[in-house]
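Asker: The structure that follows is given in the form of structure tokens.
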Amino acid sequence: MFLENYKEMNKTMKIYIYPHTKTDPFANVFFPNNDGLPGGNYASESYFKIALSLSHFVTQDPSEADLFFLPFSIACMRHDKRIGVDGIKDFIKDYLFSISRKYPFWNRTGGADHFYACEPPMLRISCLLFPSKV
């Protein structure tokens, strides 16, 4: 039964990645590090974003999506001097406010079908700071 369900999910599951442009002032927070191979303690976050963006799961049509990926990086926010550890909560709150106003998808489930990638060392920070509601 599991194998059948897995095969079906692998064929039908769709993920919408909220779009951002390379000219976005916070592009470094939304796009994976593509300057060569990602490295360091937080490389798997970049690898995940790259793999997801190249996968068959991604859809350009949000109405087809089962899940919605929030492409921000807690690690990048932490190291961005404009945000830093103390500004992560406000950045995420502002981002979710913007998403909820521009797109209807957050509002239909209160964000229950949304997710983001986070390295284990950053998980404690993101769990403490990630707001439950916009």
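Values in this text are rule-based calculations from the coordinates and carry no lab data. Please read all numbers here as calculations on a predicted model, not as lab measurements. Reconstructed Cβ throughout: ideal geometry from the backbone, glycine too, with neighbour counts over all protein chains shown.
Asker: Assuming R0 = 30 Å, can you tell me the calculated FRET efficiency for the pair Asp24 and Val85, based on Cβ-Cβ distance, to the nearest 0.05? Let's see the in-between values first.
Answerer: Working: r = 21 Å, r/R0 = 0.71.
Calculated transfer efficiency: 0.90.
Asker: Between the stretch 70-112 and the stretch 1-18, how far is it from one alpha carbon centroid to the other, in angstrom?
Answerer: 26 Å
Asker: Between Asp94 and Ser55, what length comes free when the chain is fully extended (0.36 nm per residue of separation minus the Cα-Cα distance, one decimal in nm)?
Answerer: Stretched fully, the Asp94-Ser55 segment lengthens by 11.2 nm.
Asker: Determine the dipole magnitude for the stretch 1-120: charges of +1 sit on the beta-carbon of Lys and Arg, -1 on that of Asp and Glu, nothing else is charged, the reference point is the Cα centre, and the result goes in debye to the nearest 20. Walk me through the numbers before you get to the answer.
Answerer: Values: 13 positive and 14 negative charges, 48 e Å.
Rounded to the nearest 20 debye, it is 240 debye.
Asker: Under 25 Å between alpha carbons, and skipping anything fewer than 8 positions from Lys7 in its own chain: which lysines qualify?
Answerer: Lys7 reaches Lys49.
Asker: Given H placed on each backbone N at 1.01 Å, which residues far from Val58 in sequence or on other chains put an amide H within less than 5 Å of it?
Answerer: Amide H to amide H, under 5 Å and 5 or more residues apart or across chains, Val58 pairs with Ile15.
Asker: Which order do peptides 48-55, 71-78, 4-11 fall in by mean Cβ count within 10 Å, highest first?
Answerer: Descending packing order for the listed peptides: 71-78, 48-55, 4-11.
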